[in-house]
1. Restrict the check to the stretch 75-89 and report whether at least one residue is in a helix (DSSP H, G or I) and surrounded by 17 or more Cβ atoms within 10 Å (Cβ to Cβ).
2. If only one of 400, 451, 475, 429 is among the hydroxyl-bearing types (Ser, Thr, Tyr), touching a residue at least 24 places away in the same chain (Cβ under 8 Å) and more than 30 Å from residue 576 (Cα to Cα), which one is it?
3. Looking at the stretch 157-174, is at least one residue of a type in the set (A, V, I, L, M, F, W, C), surrounded by 17 or more Cβ atoms within 10 Å (Cβ to Cβ) and either outside any helix (DSSP H, G or I) or at pLDDT 85 or above (or both)?
4. For the stretch 391-436, enumerate the residues that are within 30 Å of residue 565 (Cβ to Cβ) and touching a Lys or Arg at 6+ places or on another chain (Cβ under 7 Å).
5. Quick one: in the stretch 512-551, of everything that is assigned to a loop (DSSP other than H, G, I, E, B) and modelled with pLDDT of 80 or more, which residue is nearest to residue 380 (Cα to Cα)?
6. Can you pull out the residues in the stretch 31-41 that are surrounded by fewer than 16 Cβ atoms within 10 Å (Cβ to Cβ) and part of a helix (DSSP H, G or I)?
7. For the stretch 480-488, does any single residue satisfy the condition of being at pLDDT 85 or above and either of a type in the set (Asp, Glu) or in contact with a strand residue (DSSP E or B) (Cβ under 7 Å, 6 or more places away or on another chain) (or both)?
8. Hey, residue 279 hits all of (1) modelled with pLDDT of 85 or more; (2) aliphatic (A, V, I, L, M); (3) assigned to a loop (DSSP other than H, G, I, E, B) but one; which does it fall short on?
Amino acid sequence: MPNPELVKDPALLTDAVPEAGSSKLVVTFGRFIRHRVGMIALAVLILVILAAIIMPLLWPYGYSEITPDLSQSPSLEHPMGTDTLGRDLLALVLRGMQQSLLIAFSVTVIACVIGVVLGVVAGYFGSFVDATVMRAVDLVLTLPTLALAAFLGSLVAGGGVSWLGLAMVLGSLMWTSVARLVRGVVLSLRELPFVDAARVMGAGPVRIMFRHLVPNVSDHIVVAGTLMFGVAILAESSLSFLGFGVQPPDTSLGLLVANAQSAVLTRPWLFYFPGLLIITIVLSVNYVGEGLRDAFNPRSSPTNPLATPRRGRGGKQRADRRPVTGQRSVTDRKPSTNANAVDGSTVDTDPQAPAKALIKVTDLSVRFGSQAAVDSISLEIQPGEVVALVGESGSGKSLTGLSLVGLLPNNAVGSGSVVFNGDELSDLTFGQWRRYRGRRIAMILQDPSTTLNPVLTIGAQFEDSMRLSAPVSRTEARRRTIELMASVAIKDAPARLDQYPHQLSGGMRQRIAIALAMVHDPDLIIADEPTTALDVTVQAQVMATLAVARERTGAAMLFITHDLALVAGIADRVAVMYQGKIVEDQDVFSLFEAPRSDYTRKLLSLAPRIDGKAVERQ
């Protein structure tokens, strides 16, 4: 059972607040430096880059300088030998590395940026946007990349293009593979509950796409980018060999290899030295990409979910007793308007004044084609009241909850009226919905393992939610997060901030989902079967946490469940739903003592009773 004393003494919270945690980039870098192969590859790549930048300044020969030593094999004077014109091959290789690295990295960046943006937009919006982007992909795929790039290069005076021009041409033609990959992953991710949770908190499409979806695709993007790096070098080599890329007296590694193919048996050093460097660079980039893939995706490498992370930086804690600003304390909440509040208090209201419903649903229907999943239901929830919506799976309970926050599936058609605190919600635009979702109406979805974003730490998800309403500093966000987590009886809250959802138990994740719903002090909390797939002990803990959340916020609650045994301890009123219709709506005591509906009696007959009696079926 949660202990309310956890939040009565501010010292219990402020003394345990650690310094602001490391940013995502710092955490990612920390995981990357523990990847040995990736670090070795990075060291090799850095050495190659430094050699390409520094050695041309120190080497006595220039890449275009002709010496009297024609076709000389490697020697002390010319470590890589010379070509048929007497040019020092080491100087040519150094210049070639500069050009090849610039072109390959530029092509990779340009193609990945275009591909990621178009892929995530197509995958997230689907429908016409998806069809348009995919037809553009099909069109580009039908174009012969090398032939088109060669044609564009031939339009430039002198028969060649600059490294930047070549990179832009290749990048604008090679983005299709990245776009198709990202689009495919986003199509599967957009249906997961953590995306719905972001919408419920009021996040816009751009924020959802680039804050929540792109990080989940980052490991795929890294892999695609590293593969494209090698393809870019080969494409540049082919164009240069055909005379439409880098042209003499300038050079690139690909051009050196292409020109030396005919002399591989007579002057092998001209072929093997630049060829080995290409292999070294491509392998280094691929292994660096493997390390980055594991670093960006915390689930790609094995972790110990029972390990306790260090608190703050250097394992130290900071005592900072400054009051939290910009956000209300969990003890500074609006009073409960429910006469049956946990503390037994009542609201000082005019008994003659008619009760005004916080939310009023009238003739709400949800249809999939000709099939009505929710059929003309009406429901009211008073301020501070807990209404349980009970029914078997498929009765339309979850669709009803989603209707109240405007998150019906794309193929569903809703009708009817939803009035929240006097405001009609049924015809709101997405921008207007953001004033209500998360801020005034919070929703706790069924499965916390998919509701929480798997690649963001717990602290980052709270911080992201807080910044949807107003700017907040990182230190303040972490202090506020610890306060909320402590209010739902999460032990060692500071240590949980830098953990990921997969490192926590199911019950812990559900408590965090409840705490996230309390971030903006909502007027209504919709809890959609929050105890699904939890064992009995954890169910009891989660239900106690919901009771605490309700008491702390004073919010009304719509509690959706199929288990009548959970209803008695939390609900003031129960609405029973069957085949899309509400067949009974009574206060909780009357429903258990004298159910009116046949269906309700059948449900009650399945619920365990301490006295051993069963509700008589009629």
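The values are calculated or read from the model by the stated rules, or taken from the named source; none is laboratory data. Values in this document were obtained by computation on a predicted structure and should not be read as measured data. Cβ coordinates were reconstructed from backbone atoms using ideal geometry, including for glycine residues, and neighbour counts include every protein chain displayed.
1. Applying the first criterion (in a helix (DSSP H, G or I)) to the stretch 75-89 yields 89.
Next cut, surrounded by 17 or more Cβ atoms within 10 Å (Cβ to Cβ) only: 89.
So far as the stretch 75-89 goes, yes, one or more of its residues are in a helix (DSSP H, G or I) and surrounded by 17 or more Cβ atoms within 10 Å (Cβ to Cβ).
2. Details: 400 fails: more than 30 Å from residue 576 (Cα to Cα); 451 fails: more than 30 Å from residue 576 (Cα to Cα); 429 fails: touching a residue at least 24 places away in the same chain (Cβ under 8 Å).
Step by step, each of 400, 451, 475, 429 is checked, and only 475 is among the hydroxyl-bearing types (Ser, Thr, Tyr), touching a residue at least 24 places away in the same chain (Cβ under 8 Å) and more than 30 Å from residue 576 (Cα to Cα).
3. Quick first cut of the stretch 157-174, residues of a type in the set (A, V, I, L, M, F, W, C) only: 157, 161, 163-164, 166-170, 173-174.
Those left that are additionally surrounded by 17 or more Cβ atoms within 10 Å (Cβ to Cβ): 161, 163, 166-167, 169-170, 173-174.
Retained after the next criterion (residues that are either outside any helix (DSSP H, G or I) or at pLDDT 85 or above (or both)): 161, 174.
The answer is yes, given that some residue of the stretch 157-174 is of a type in the set (A, V, I, L, M, F, W, C), surrounded by 17 or more Cβ atoms within 10 Å (Cβ to Cβ) and either outside any helix (DSSP H, G or I) or at pLDDT 85 or above (or both).
4. 391, 405, 407
5. Step one: filter the stretch 512-551 for residues assigned to a loop (DSSP other than H, G, I, E, B), giving 518-523, 529-535.
Remaining after also requiring modelled with pLDDT of 80 or more: 518-523, 529.
On the way: 518: 22, 519: 25, 520: 23, 521: 21, 522: 17, 523: 14, 529: 19 Å.
Taking the candidates together, the pick is 523.
6. Let us first name the residues in the stretch 31-41 that are surrounded by fewer than 16 Cβ atoms within 10 Å (Cβ to Cβ), namely 33-34, 36-37, 39-40.
Within the stretch 31-41, 36, 37, 39, 40 meet the criteria.
7. Looking through the stretch 480-488, at least one residue is at pLDDT 85 or above and either of a type in the set (Asp, Glu) or in contact with a strand residue (DSSP E or B) (Cβ under 7 Å, 6 or more places away or on another chain) (or both).
8. Unmet for residue 279, out of (1) modelled with pLDDT of 85 or more; (2) aliphatic (A, V, I, L, M); (3) assigned to a loop (DSSP other than H, G, I, E, B): (3).
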